[in-house]
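Q: One structure follows; several queries about it will come next.
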Amino acid sequence: MIGFIGLDVGSVSTNIVFLDDEGRVRESVYLRTNGRPIPAVQKGLKQISRLVPPRTVIRGVGATGSGRHLAGIIAGADVIKNEITSHATASSRLVPGVRTVLEIGGQDSKIIILRDGIVADFAMNTVCAAGTGSFLDQQAARLNVQIEDFGELSLKSSSPVRIAGRCAVFAESDMIHKQQMGHDLPDILAGLCEALVRNYLNNVGKGKDISGPVVFQGGVAANLGMRSAFERALKKEIVIPPNYDVMGAVGAAMLARDYVSRGAPTAFKGFGAAETDFRARSFECDGCPNFCEVVELSESGAVIARWGDRCGKWSNSVPQIACG
Amino acid sequence: MTVKIGIPRALLFHNFIPYWKTFFEGIGAEVVISGLTNKAILQDGLRLSVDEACLPVKVAFGHVEHLKNKADYIFIPRLVSVFPREYICPKFLGFPDMVRQNVQGLPGVIDNNINMYRRESDLYRQFFEIGSLICGNPFKIALAIKKAGDAIKRFTARVESGLRPDRAIDSSYSEDGPAGRKDTTVAVIGHPYNIYDSFINIGLLKRLEDAGINVLTTDNVPEKEVNDHVAHLNKKLFWTLGRRMVGAAYHFLESPGISGIIHVASFACGPDSMTGELIERKARRIGSKPYLNLTLDEHTGEAGIVTRVEAFLDMVGTKEQAARC
């Protein structure tokens, strides 16, 4: 059979999916990036290679997420696409008629407004990371709650406490205050979900026309407390699609499938890329007062890519891969 | 010896440099302009300025720092008003004072008021006073002011014909360059010191042009067009730059040749938060043009800008494709 690979390398998780010829999601792998995207991508490729049926030919690879360029170079991607377009592609094909996509990931959150299947508007969180997955992670760890149990526990709340969600630092001190006052853990957790949803809707969703069907995806969609807080705030049913946590990768794979269907050969380097020795190093260029931090990626000792320079002095001096 | 006048490439530089340069050269001075913003300038700016200032003001501090040893005078006029009945941001008013307080080892500072709040013709007297600081010949000053006025008129005409101010400054720039030949045009709305400073906006205009997009900006819209569009607002916008941004954006929203609008705002800019809102609401009401808001701050990373711009261009592209089908 033939199939397609989608890679989504985010700040917190690295997701890899395998799509069959029809574009259906067959396999998916969800890993923690742990601040080291190269090993994460390699580990993911290795895991997915064991899951794909034998004698499968990979016809196309798509990469997305903040580490998309890195992932794209390592795996040999045909399409390197931003997260907005990838997420929108996946949800519009998996949930026909979707009009709003709420996506909350590790370090960023976004809202995508679709009309007739195409992106009409979008927004991402600005300078503030309050209301993203890593803040929930951090608070769960502080309260000694497994992040997996967070949602379940928060649903036991009878009266969620009011927490200021404007800023992660203030939200934390507010939570500590509430906890010292003697409020119940579920009430605090539910209050935190409500605060994050409020912050998301005021900041990311500001002024947007949130009409249904509303899809909630990204790693945080696993949290039932967040889902129910969204339902209460929007007074709408929230759809959580299967594969909600790997939708970016699904979208990237779909875009790769579209791309190669026009007859292009794939740039995929094969699952052997998981075994290749990739090394990244960075240095400060002192060619001008900008002092750009240049990242250099080498494969088995040979430099294959550089980026991070403003003028192109370093990035243009290695052969570039085509971006779809 | 010729007097050297240092002019920072910051704040309203892109609006008035043809006037300022022609004027100072007309009275026999040499004009030294600071280089393009770079990391060193930004770092110095951050170190020297007050924390509450917005990024463009911080950047301007850096430019002053980098000019101070290269000129006999630094020209940082107190820009109160550049249009009758309108104001410039208060941070600009206070800029010369903040510089005097925070930058050590300054040469002479020319910080005369530029205030056209009452009438435009007050500008003549104000520049006459500036000229008298350096030049003893009143006829020469008068002539320099006249020449400066002509220079800014020529510059405005070039800009209003569609040339970017940062290119129009360069008189050798050929107008039939790479611009103007592309199918898709995007309008970039923002303060000139944000949209033409490729360091602080992380190469926004170049990114668009490299993606095959033709760019028009706030400054390309003639004054009359701007005023016709803001005339319908309930209340007069008394910030000159804000009025220009809103009027230009409204004009672009109604222009069939424009495929999308990018609003570039400074984090912590009061007027921007309001003009951005006015533009976004209208864009949404009309609903036919993709709109993107980019907020710039010293922490702005390349990834954030790139992702947003790429997604915006995808949105513009699919919309155009859908329209063709």
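Q: Could you pull out every residue, at least 5 positions away or on a different chain, whose amide H is within less than 5 Å of the one on A:Lys236? Hs are placed 1.01 Å off N in the peptide plane, and Pro or chain starts have none.
A: none
Q: Hey, which of these cross-link pairs are over 21 Å Cα-Cα: A:Lys235/B:Lys319; B:Lys4/B:Lys206; A:Lys206/A:Lys235; A:Lys43/A:Lys269; A:Lys208/B:Lys224; B:Lys21/B:Lys147?
A: A:Lys235/B:Lys319; B:Lys4/B:Lys206; A:Lys208/B:Lys224
Q: Then there is this: Antiparallel versus total DSSP beta bridges in the protein assembly as shown: what percent is that, nearest 5?
A: 45
Q: When only C-alpha pairs under 8 Å and at least 6 residues apart count, what is the relative contact order of the range A:96-240, in percent?
A: 30
Q: Relative contact order (percent) for chain A, with alpha-carbon contacts under 8 angstrom and 6 or more residues of separation?
A: Contact order relative to length: 21 percent.
Q: Would you give the gap between the C-alpha center of the range A:242-316 and the C-alpha center of the range B:51-97, rounded to a whole Å?
A: What the calculation gives is 42 Å, centre to centre.
Q: With the Cα gyration tensor of the range B:4-160 giving a ≥ b ≥ c as the square roots of its eigenvalues, does the rule (a/c under 1.5 for rounded; else a/b larger than b/c for prolate; else oblate) give rounded, prolate or oblate?
A: Prolate, because a/c is 1.5 or more and a/b exceeds b/c.
Q: Under the rule that an exposed site lies in a DSSP loop and has at most 14 other Cβ atoms within 10 Å, name the longest stretch of chain A with no GluC sites (Glu not before Pro) of that kind, not counting the sites themselves. Spell out each step's value before the answer.
A: Details: sites that count: A:Glu22, A:Glu237, A:Glu275.
For GluC sites (Glu not before Pro) (loop position, at most 14 other Cβ atoms within 10 Å), the longest site-free span of chain A is A:23-236.
Q: Could I ask something else about it? Sort A:Ile176, B:Ile41 so the one with the fewest other Cβ atoms within 10 Å of its own Cβ comes first.
A: Placing the least packed residue first, the sequence is A:Ile176, B:Ile41.
Q: A further question on this structure: For Cα pairs less than 8 Å apart in space and 6+ apart in sequence, what is the mean separation divided by the residue count of the range A:278-317, i.e. the relative contact order in percent?
A: Relative contact order of the range A:278-317: 31 percent.
Q: Right, here's the next one. Compute the long axis of helix B:39-48 from its Cα atoms, compare it with the longest principal axis of the Cα atoms of chain B, and write down the angle in degrees, 0 to 90, nearest 10.
A: 60
Q: Taking loop as defined by DSSP and a crowding limit of 13 other beta carbons within 10 Å, which trypsin sites (Lys or Arg not before Pro) in the range B:107-160 fit?
A: B:Arg118, B:Arg119
Q: Sort A:Cys193, A:Cys288 so that the residue with the fewest other Cβ atoms within 10 Å of its own Cβ comes first and the one with the most comes last.
A: A:Cys288, A:Cys193
Q: Sticking with this one: Quick one: B:Val50, A:Val52, fewest Cβ neighbours within 10 Å first, how do they rank? Mind showing how you got there, number by number?
A: Working: B:Val50 13, A:Val52 18.
By the 10 Å Cβ count, ascending, the order reads B:Val50, A:Val52.
Q: Right, here's the next one. To the nearest Å, what is the center-to-center distance of the range B:238-274 and the range B:183-231, using C-alpha atoms only?
A: 9
Q: First check a/c for the range A:258-324, with a ≥ b ≥ c the square roots of the eigenvalues of its C-alpha gyration tensor; if it is under 1.5, answer rounded, and if not, answer prolate when a/b is larger than b/c or oblate otherwise.
A: Verdict is oblate for the range A:258-324.
Q: Distance from a point 7 Å along Cα→Cβ of A:Thr276 to each backbone N in the range A:68-107: keep the residues under 14 Å and list them by number.
A: The answer is A:70-78.
Q: How many angstrom separate the Cα center of the range A:1-29 from the Cα center of the range B:275-310?
A: 30
Q: Just to confirm a number: summing +1 for Lys and Arg and -1 for Asp and Glu over residues other than B:Gly190 whose beta-carbon lies under 12 angstrom from that of B:Gly190, what do you get?
A: Values: positive: B:Arg244; negative: B:Asp197, B:Asp219, B:Asp272.
Every neighbour counted, the sum reads -2.
Q: Please work out whether the range B:178-324 counts as rounded, prolate or oblate from its C-alpha gyration tensor, where a ≥ b ≥ c are the square roots of the eigenvalues and a/c under 1.5 means rounded, while otherwise a/b larger than b/c means prolate and anything else oblate?
A: Verdict is oblate for the range B:178-324.
Q: Next up: List the residues whose amide H sits under 5 Å from the amide H of B:Ala265, counting only those 5 or more places along or on another chain, with H placed 1.01 Å from N in the peptide plane.
A: So B:Ala265 has HN proximity to B:Leu294, B:Thr295, B:Leu296.
Q: Something else now. Below 13 angstrom from the Cβ of B:Gly35, what's the summed charge of the other residues (Lys, Arg +1; Asp, Glu -1)?
A: Charge balance in the 13 Å sphere: 0.
Values quoted throughout were computed directly from the atomic coordinates according to the rules given, and no laboratory measurement underlies them. Please read all numbers here as calculations on a predicted model, not as lab measurements. As a convention, Cβ positions derive from the backbone with ideal geometry for all residues, glycine included, and neighbour counts pool all protein chains shown.
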